[in-house]
Every structure is written in structure tokens, then in C-alpha cells.
């Protein structure tokens with residue numbers, strides 16, 4: 001049994017939807033049949049149930065790469081084969097408004113930080129890219145659901161309040177990054193190192209220049225709609 005997730009292998013599905021917080025996990029758990037809370041140690045809530053006869057677990061990661069990476073490591077120890085991250089992000093483009101859905105084609109990151117603890121060599125960085133077939137399943141599922149999505153490169157940072165993105169948003173815009181989050185790169189790096197499939201879907205909760213944020217009510221509705229598409233992609237993967 002892992003140190004922080006107090007669960008046995010049989011308690012957790014090989015297919016995971018990872019989310020930031022327990023409120024989102026609870027919303028998605030209500031979409032599963034016979035959903036059961038199988039861990040809440042350290043406030044890391046994990047529910048397991050069935051979606052269209054397929055066993056799926058929903059797991060919280062907490063905020064940021066250090067917490068999320070711990071969860072991804074321990075899920076890997078429990079035999080997980082596929083993780084789709086459904087998180088939040090800040091837009092880095094004027095035309096990507098709050099409430100938009102992003103599917104990452106790859107996550108850039110600053111050297112060092114949590115990822116730097118895995119990559120100690122200073123002459124290269126690892127490629128943080130999703131499983132291509134899983135990403136295709138996500139794109140297909142969202143298109144089938146009628147939810148508009150944007151597909152492209154994203155950026156991950158360990159520090160939400162550094163104001164780095166606000167000060168340098170034009171540079172990130174010119175490099176064609178769609179949004180910034182805190183967890184995607186660590187998931188995609190770890191999936192390569194630990195040999196499981198992973199992909200990232202992000203809900204834009206904040207715009208870059210005016211600070212406009214999505215309302216709590218609209219966010220909950222979007223989580224439900226996006227959750228259905230993610231579940232559909234998972235059962236096909």
C-alpha cells in the first residue's frame with residue numbers, strides 16, 4: 001500500500017480521471033454507478049465506480065506539481081495504466097476566454113522544480129507529451145459531445161502567484177502557448193518514466209489581461225459536460 005493513498009490495487013481502476021480538488025471529484029463521482037469513496041487520507045479523495053460498465057476512478061491531486069506528482073506516483077504503484085487530467089488553467093491568448101476547453105499537445109516547463117528532481121542531468125530536458133492515441137480519443141469524444149475545444153501547446157509552472165505569466169504574457173503569446181497550468185508537465189513526464197498513458201484536458205478559469213474568471217455555477221456545469229467526454233474517451237482507450 002502506498003504511503004498517502006490508503007487503498008489496495010483492487011480498489012482503484014486502471015483508468016483514472018485526475019482532478020485538482022475534492023469538490024470536482026465529488027461532481028464526477030455522481031456520474032459513476034455504484035460510486036464508492038475509497039480514500040480520503042491527506043484530503044486526497046478517490047472514488048471508484050462504473051461508467052457505461054467500465055470501472056473508472058476519480059482521484060484528487062491537490063494543487064501544483066509536488067502534490068500532483070506524489071499522487072501520480074502512488075497511483076502508478078497501484079497499477080494504474082491510464083490517467084487523464086481534467087484541470088484548470090489561465091489563458092495566455094486574448095481569443096481564449098474563460099470557460100474554454102484546452103487539450104494539450106505537449107507541456108513546456110521551466111528547468112528545475114519538481115521535474116528537476118527527476119531530471120538531474122543538466123544537458124537535456126525530457127519531452128512532456130501526451131499519449132497520441134489517448135489524445136485522439138479525447139478530441140473525438142469532445143467533438144462528438146458538441147463541446148468546442150482548442151488543441152495546442154501549454155505551459156506548466158510550479159508557482160501560481162509569481163506573476164511571471166502576467167509580466168511576460170506577450171512572449172508566451174508569441175510562442176503560441178494556449179494556457180498555463182501547474183500540473184500537466186509533471187504528469188506527462190512521469191507517465192513516460194513510469195510507463196503509463198496520460199493526457200491533459202484543461203478548463204480555462206481566468207483570462208490573461210482583464211483577470212475575468214468563470215463563475216462557480218458555470219464551472220460546475222462545464223465540469224459535468226467535460227467529465228462526460230473524458231469518461232467516454234477513457235472507456236475507449
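The values are calculated or read from the model by the stated rules, or taken from the named source; none is laboratory data. Here the structure is a predicted model, which means the values were calculated and not measured. Heads up, the Cβs are rebuilt from the backbone with ideal geometry, glycines too, and the neighbour counts pull from every protein chain shown.
Some values worked out for this structure:
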{"read-out": "Any hit, the range 129-136, residues being surrounded by 21 or more Cβ atoms within 10 Å (Cβ to Cβ) and under 13 Å from the mean Cα position of the chain (by Cα)", "value": "yes"}
{"read-out": "Residue in the range 65-82 that is modelled with pLDDT of 90 or more, in contact with a helix residue (DSSP H, G or I) (Cβ under 6 Å, 6 or more places away or on another chain), over 26 Å from residue 216 (Cα atoms) and not in a helix (DSSP H, G or I) present", "value": "yes"}
{"read-out": "Members of the range 12-33 that are in contact with a strand residue (DSSP E or B) (Cβ under 8 Å, 6 or more places away or on another chain), touching a residue at least 40 places away in the same chain (Cβ under 8 Å) and in a helix (DSSP H, G or I)", "value": "24, 28"}
{"read-out": "The range 94-119, subset over 20 Å from residue 164 (Cβ atoms) and touching a strand residue (DSSP E or B) at 6+ places or on another chain (Cβ under 8 Å), residue surrounded by the fewest Cβ atoms within 10 Å (Cβ to Cβ)", "value": "97"}
{"read-out": "Unique match (being touching a residue at least 24 places away in the same chain (Cβ under 8 Å) and over 20 Å from residue 133 (Cα atoms)) among 71, 80, 84", "value": "71"}
{"read-out": "Residues satisfying the stated conditions in the range 101-129, i.e. closer than 20 Å to residue 63 by Cα and assigned to a loop (DSSP other than H, G, I, E, B)", "value": "110, 111, 112, 128"}
{"read-out": "Search result, residues across the range 32-65 that are surrounded by fewer than 21 Cβ atoms within 10 Å (Cβ to Cβ) and either within 14 Å of the chain's Cα centre (by Cα) or at positive phi (or both)", "value": "34, 42, 43, 52, 53, 62, 63, 64"}
{"read-out": "Conditions (1) under 18 Å from the mean Cα position of the chain (by Cα); (2) over 22 Å from residue 129 (Cα atoms); (3) outside any loop (DSSP other than H, G, I, E, B): number failed by residue 166", "value": "(1)"}
{"read-out": "Inter-residue pairs, beta-carbon under 8 Å, first closer than 16 Å to residue 178 by Cα and in the range 206-222, second at pLDDT below 80, 6+ apart", "value": "206/212; 208/165; 208/166; 208/169; 209/169"}
{"read-out": "The range 142-160, subset assigned to a helix (DSSP H, G or I) and more than 19 Å from residue 95 (Cβ to Cβ), residue modelled with the lowest pLDDT", "value": "160"}
{"read-out": "Residue that is closer than 27 Å to residue 225 by Cβ and at pLDDT below 95, where the choices are 101, 56, 96, 115", "value": "96"}
{"read-out": "Residue identified as at pLDDT below 95, touching a strand residue (DSSP E or B) at 6+ places or on another chain (Cβ under 6 Å) and part of a strand (DSSP E or B) among 6, 90, 50, 36", "value": "90"}
{"read-out": "Any hit, the range 198-207, residues being assigned to a helix (DSSP H, G or I) and either under 15 Å from residue 87 (Cα atoms) or in contact with a strand residue (DSSP E or B) (Cβ under 7 Å, 6 or more places away or on another chain) (or both)", "value": "no"}
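The rows are residues; the columns are (1) buried (at least 24 other Cβ atoms within 10 Å of the Cβ); (2) under 21 Å from residue 83 (Cβ atoms); (3) at pLDDT 90 or above.
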residue	(1), (2), (3)
140	no, yes, yes
162	no, no, no
168	no, no, no
174	no, no, no
179	yes, yes, yes
